[in-house]
1. Take peptides 256-264, 186-194 and line them up by average Cβ neighbours within 10 Å, highest first, as a rough protection proxy.
2. Please give, to one decimal in nm, the separation of the simple spin-label points placed at N49 and Q85, each 7 Å out from Cα toward the Cβ.
3. Tell me, what is the FRET efficiency for N194 and K294 to the nearest 0.05, using R0 = 41 angstrom and their Cβ-Cβ distance as r?
4. Please report, to one decimal in angstroms, the Kirkwood hydrodynamic radius of the stretch 121-180 built from all distinct Cα-Cα pairs.
5. So how exposed is K314, as accessible area in Å² (1.4 Å probe, rounded to 10)?
6. Share of Cα-Cα pairs in the stretch 151-275 beyond 18 Å, in percent?
7. May I ask for log10 I(q)/I(0) of the stretch 273-318 at q = 0.13, 0.22, 0.23 Å⁻¹, from a Debye sum over the Cα atoms as equal point scatterers with solvent left out?
8. Considering just Cα atoms, how many Å³ per residue does the convex hull of the stretch 257-296 enclose?
Amino acid sequence: MKKGFYIVAVVLILVATAYIFWSNYDRALGTEGIYPRYVIGDLEEFGKNSGKGNMIALSPYLHTYDFSSKEAFYNMLQYYFSFAQRRKLLNDSTIVVLPEYIGTWLVVANEKRSIYADTSLEDGMKTLVFSNIVKFGSAYLKTTAKDKAKEAVFKMKADEMAEIYQNVFSKLAKDFHVTIVAGSIVLPTPSVKNGKLEIDKSGNLYNVTAVFDVNGNILSPLTKKIFPIEEEKSFTCAAAKEQQPVYKTAAGNLAVLICADAWYPENYKALTDKHVDLLAVPSYVSSNDAWSKKWKGYNGAPTPADVNKTDIGKISEYEAWIKYAMVARVMKSNIKTGVNTFLRGDLWNLGSDGHTLIATSKYMKPLNIPFVYEGKDKESGMGSLINVWLE
């Protein structure tokens, strides 16, 4: 009896030791073995420098390895900021706008390198969970969302994600002395306290944007997504409609609408009442060629009264973005300039679509910028940088 107990104990110890070794083996903790893939494929400028500042829509072409560590994330972004600096596009009144979810993929930071290989997202998430099984299990037991696995994964990695997100964007804003609309990130009940991004793991997940000033300070309050789409609603919560912060910058009063929020007229009414001059819209549209497909209508909330419902299934997704999102709605408001930037990249074969859109009193047109992507070479994708000088 005693001998059998010892054998079982030894086996369990060996299994536990093997698991600990496997789960910690070959984790990405820096940039070793990661080579740059950064290329600017599209650079376009509108207007002239009148000294009133500018807005830059920056869409880096992203790869899974760009989120493998704080160093990798910083190096990728620093390349694009340095490029803009060399082109003399950065000044104290510059606002750089990054895409939705650019911080969310930090959920894979410092994980096993196999996660960053060209595999499916499902396979990558399985590896992430199994290599952090104790932390995941603890988080899973406290979940309340419909998609418990997603909520558990994000809460499990929330501290790490928040630290990298704030550290990297704060440093970039300070080093280049620009205002940064830092795309978005999914975190549990995030807030800014004493100049620091803080989270509450007992709270719900939100899709949020942080804005960093020219001194690297994170501004309070954060902007939270008000109208999450159905897929997001399975693990994130909608923010209160009353929360629409306005940030004072050297270029004017700035507001942010995260992706789907840019489709609802009540948001523009609120921003007009708050005398917003500039609007940043970070977005993400999944699947390749999504813009060429027929528009399926509003997702996650009722269709506004000013929308022609006969357009659903008739016009393309691209045409719907022009007719019912930022471009048309900014032109009907008192907002002077709007910039809509989209997340693009090769991320676990998820696909992405969408091209930079701008709306100003002088340049009311979408920028149908082609993104270079060749199927034989998945690392040939190129980033986009569109600069709009303010009038």
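1. 256-264, 186-194
2. A separation of 1.5 nm, rounded to one decimal place.
3. My answer for the efficiency is 0.25.
4. 13.2
5. It works out to around 130 Å².
6. 52
7. Computed log10 I(q)/I(0) values: -0.44, -0.93, -0.96.
8. Working: hull volume 3.3 nm³, N = 40.
Value for the stretch 257-296: 82 Å³ per residue.
The values are calculated or read from the model by the stated rules, or taken from the named source; none is laboratory data. Nothing here was measured: the structure is a model prediction, and the numbers come from that model. Glycine gets a Cβ as well: all are built from the backbone with ideal geometry, and neighbour counts include every protein chain shown. These area figures cover heavy atoms from the full protein model, side chains too; ligands, DNA and RNA do not enter into them. Shrake-Rupley method; radii C 1.70, N 1.55, O 1.52, S 1.80 Å.
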